[in-house]
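**Q** Handing you this structure, nothing more for now.
The values are calculated or read from the model by the stated rules, or taken from the named source; none is laboratory data. Since this is a predicted model, take the numbers as computed values, not measurements. Reconstructed Cβ throughout: ideal geometry from the backbone, glycine too, with neighbour counts over all protein chains shown. Each accessible area value is taken on the protein alone, full model and side chains, heavy atoms only, with ligands, DNA and RNA left out. Shrake-Rupley method; radii C 1.70, N 1.55, O 1.52, S 1.80 Å.
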Amino acid sequence: MGMDLSYLEALMGGVAAEPTTSESAGGVWVVGVEGRLDDGLLRLVGKARVLADALGAYVYLLTNGSDREAAESTIRAGADQVLLAQGSPTLTDLVSFFEPRQPEVILFPRTRVGRILGAGLAQRLDGGLCGHAADLEVDPIYRRIVAHQPVLDDAARQRMTILAAPAMAIVDTAALPAAFNEPWRSGAVADAGADWVPAAEPRPITWPQPAVTLANAAVVVAGGRGLKTVEGFALARQLAQALGGVAGGDLTALDAGWIAEEELIGLTGARIAPKLLLALGLDGDTSLFMSIQDAGLIVAVQPDPAAPIVAAADYNIHADPADFARALLERLSRA
Amino acid sequence: MRIVVCMKQVYDPATTRISRSREEFDLRGAVKITNTPDKHALEAALRLRAAVGGEVIALSLGDAEADDVCREAIAMGADRALLISGPEVIGVTGRAVARALTAGVRYLDAVDLVLTGQVGLTDGTGSLAPRLAAELGWEVCLDAVRLAPMTDGQIEVTVACSPGVGEIVCLALPAVISVATGSERPRYAHPARIANAWAPGLVEVCSCTRLGLDAAALTADVEVGGLILPPERTRGQTIVGPTETAADELVGLLRTKRIL
């Protein structure tokens, strides 16, 4: 597949040809066929834009999730041409759509539909696929797509050079940077010429979930001796509620009678693994550190810069914990 | 009902380390185990067999060591196993794996249902089930937590969308279904079954040539490169300033990290 020289032509004073739907082969395609146009898809269009700029290609978006007005937002996000379709495609529909178009790159969002159609399409088109990409780049020497695939629970990412054509990837859109919103971009909205059968509505079902506890909470606000009074610890509870999490405490809080035994974080209490641990007035000891090893982001509010928690935290705030809790509560209620 | 469960051998993530200096996996202490999500699929298959009768066959692809996976599946309750092995399958990538397993399913003949695990541990992507379905031309469903057979050649699948919320879909058999790790826990093998799993004739070893696959069908679609590592954890930063500005800064920080 040759390089798209239209950008060079435009630079040299010639007129770049507008992309046309049927005749042009190649291009970076984004397929979002779940009946909605969400932020994740716009971010994926942005990533496609970056790849297309490196390849000298156009960005096409095939979607059934937008009307013409909503399609404008995808042009601001980087699409050169938006193809609107009706209904939901089966794998066979997509194969017959893409076979004559000979795309160079096809990207799917990592949703259940995207995973089924993306992997199936790769198999049918004999393409190369990275089934879980957190990022994508272009190898400029060989003009190949290199996907970054998370391994070991995202402890690292593995480079996957996609050898077969078309190069395809199922992309975790939550890992991508924010979508472009560039009003000066121009593009075309066209009909995809595809009239697919609407998908059958699945029957919804719900089942009871275990209650949120310290062990499975996404946010934990932990209080300790630095909160000084039971009123001070009440601020930790309020903060936990405002952040949608659970409050807990260390042994000093238990000894002071501020928390019940099941709210204890430590070797004799709960082992926690939240995304955010807000430690208010905790000094930190071995018992606590053993139990917070799996915590994501640790923010410690601690007036004493020599406290052990200061070395373990990602962010430290040297302030009175109760004062800081009040200030943060006020910010959160305002937002 | 003839149910095939695709099972693979992976490096145990708990024993797999990452070498920062060489930017690759450090496999010196790594232990090979049966992919745990595949055991969930086997458990679902065994429950289906208990409900409607039939046969459960474990299907694996790998080197001679992958024999352990087949024996473990038989110890857990599978009737027999097929291992696709040989020098040509070492290091094959997703596209070729799907082709080889498809050939295996066709070889087993009259298969009603293929189950896979949700994802391979260590470096899996969970794209085997849709790839197999595309190769076989069968219906597919991902992340099933419950399977209930129906009388008219269909299977009712409960799929988990988010915690506590899901949907029920009906698939016509034959179908390919990936079983979520949130489904029933895999059973422990009975010691007597473990001992009997090494009886002769239970694991059939088959080469790709015998399944009718040539070297062209097994070419790689991707090339695995080095690892990209996150920056090493350093001592935490300090947010300075008076309490109010620090609170503002923290709220902004939590927003950028998408926690708020």
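**Q** Residue B:221 - would you say it is within 14 Å of chain A (Cβ to nearest Cβ) and either among the acidic types (Asp, Glu) or open to solvent by 70 Å² or more (accessible area, probe 1.4 Å) (or both)?
**A** In short, yes.
**Q** Restricting the first residue to segment A:104-124 and requiring it to be farther than 16 Å from residue A:172 by Cα, which pairs with a second residue that is acidic (Asp, Glu) meet a Cβ separation below 6 Å and a spacing of at least six or different chains?
**A** A:123/B:135
**Q** Check A:151, A:113 and return the single one that is modelled with pLDDT under 95, hydrophobic (A, V, I, L, M, F, W, C) and buried (at least 19 other Cβ atoms within 10 Å of the Cβ).
**A** The match here is A:151.
**Q** Something else about it: Of all residues in segment B:75-97, count the ones that are under 12 Å from residue B:204 (Cα atoms) and crowded, with 18+ Cβ neighbours inside 10 Å.
**A** 5
**Q** Among the residues of segment B:107-123, which ones are within 11 Å of another protein chain (Cβ to nearest Cβ) and out of contact with any helix residue (DSSP H, G or I) (no Cβ under 8 Å at 6 or more places or on another chain)?
**A** B:122, B:123
**Q** Could you pull out every one of the strands (runs of 3 or more DSSP E) wholly within segment A:73-145 that has 3 or more residues that are touching a helix residue (DSSP H, G or I) at 6+ places or on another chain (Cβ under 9 Å) and facing another protein chain (nearest Cβ under 9 Å)?
**A** Correct list: A:128-133.
**Q** Still on this structure: Out of all the residues in segment B:225-240, which are within 7 Å of another protein chain (Cβ to nearest Cβ) and in contact (Cβ under 8 Å) with a residue 60 or more places away in the chain?
**A** Within segment B:225-240, B:226, B:227, B:228, B:229 meet the criteria.
**Q** Working carefully through the options A:151, A:146, A:138, find the one that is touching a residue at least 40 places away in the same chain (Cβ under 8 Å) and either of a type in the set (A, V, I, L, M, F, W, C) or under 27 Å from residue B:144 (Cα atoms) (or both).
**A** When all the criteria are applied, what remains is A:138.
**Q** Applying the selection to segment A:51-72, what residues are in a helix (DSSP H, G or I), crowded, with 18+ Cβ neighbours inside 10 Å and in contact with an Asp or Glu (Cβ under 9 Å, 6 or more places away or on another chain)?
**A** Hits for segment A:51-72 are A:51, A:52, A:55.
**Q** While we're looking at this one, here's another question. What do you reckon, is residue A:254 at pLDDT 90 or above, away from chain B (no Cβ under 12 Å), touching a helix residue (DSSP H, G or I) at 6+ places or on another chain (Cβ under 6 Å) and surrounded by fewer than 22 Cβ atoms within 10 Å (Cβ to Cβ)?
**A** When the stated conditions are applied, residue A:254 does not pass them.
**Q** When the residues of segment A:311-335 are filtered to those that are within 8 Å of another protein chain (Cβ to nearest Cβ) and either touching a Gly at 6+ places or on another chain (Cβ under 7 Å) or on the phi > 0 side of the Ramachandran plot (or both), which remaining residue is surrounded by the most Cβ atoms within 10 Å (Cβ to Cβ)?
**A** A:313
**Q** Restricting to segment B:206-218, name every residue that is surrounded by 14 or more Cβ atoms within 10 Å (Cβ to Cβ), assigned to a loop (DSSP other than H, G, I, E, B) and either acidic (Asp, Glu) or within 11 Å of another protein chain (Cβ to nearest Cβ) (or both).
**A** none
**Q** Taking only segment A:155-186 into account, find how many residues are open to solvent by 40 Å² or more (accessible area, probe 1.4 Å) and assigned to a loop (DSSP other than H, G, I, E, B).
**A** Final tally of qualifying residues: 12.
**Q** OK, next. Would you check which residues across segment B:242-252 are more than 7 Å from chain A (Cβ to nearest Cβ) and either in contact (Cβ under 8 Å) with a residue 40 or more places away in the chain or not β-branched (Val, Ile, Thr) (or both) and list them?
**A** Matches in segment B:242-252: B:242, B:249, B:252.
**Q** Follow-up. Consider residue B:170 carefully, then state whether it is of a type outside the set (Phe, Trp, Tyr), within 10 Å of chain A (Cβ to nearest Cβ), open to solvent by less than 70 Å² (accessible area, probe 1.4 Å) and in contact (Cβ under 8 Å) with a residue 12 or more places away in the chain.
**A** yes
**Q** Can I ask one more? Against the definition (surrounded by 15 or more Cβ atoms within 10 Å (Cβ to Cβ) and in a loop (DSSP other than H, G, I, E, B)), how does residue A:217 come out, yes or no?
**A** yes
Results for (1) assigned to a loop (DSSP other than H, G, I, E, B); (2) more than 10 Å from every other protein chain (Cβ to nearest Cβ); (3) modelled with pLDDT of 95 or more; (4) open to solvent by 50 Å² or more (accessible area, probe 1.4 Å), shown as yes or no for each residue.
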site	(1), (2), (3), (4)
B:105	no, yes, yes, no
B:134	no, no, yes, no
B:146	no, no, no, yes
B:183	yes, yes, no, no
B:189	yes, yes, no, no
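**Q** I've got another one for you. Residue B:120 passes all but one of (1) in a helix (DSSP H, G or I); (2) open to solvent by 10 Å² or more (accessible area, probe 1.4 Å); (3) under 19 Å from residue A:130 (Cα atoms); which number fails?
**A** Every condition holds for residue B:120 apart from (1).
**Q** Now for a different question. Can you tell me which residue within segment B:148-167, out of those that are part of a loop (DSSP other than H, G, I, E, B) and more than 8 Å from chain A (Cβ to nearest Cβ), is most open to solvent (accessible area, probe 1.4 Å)?
**A** B:151
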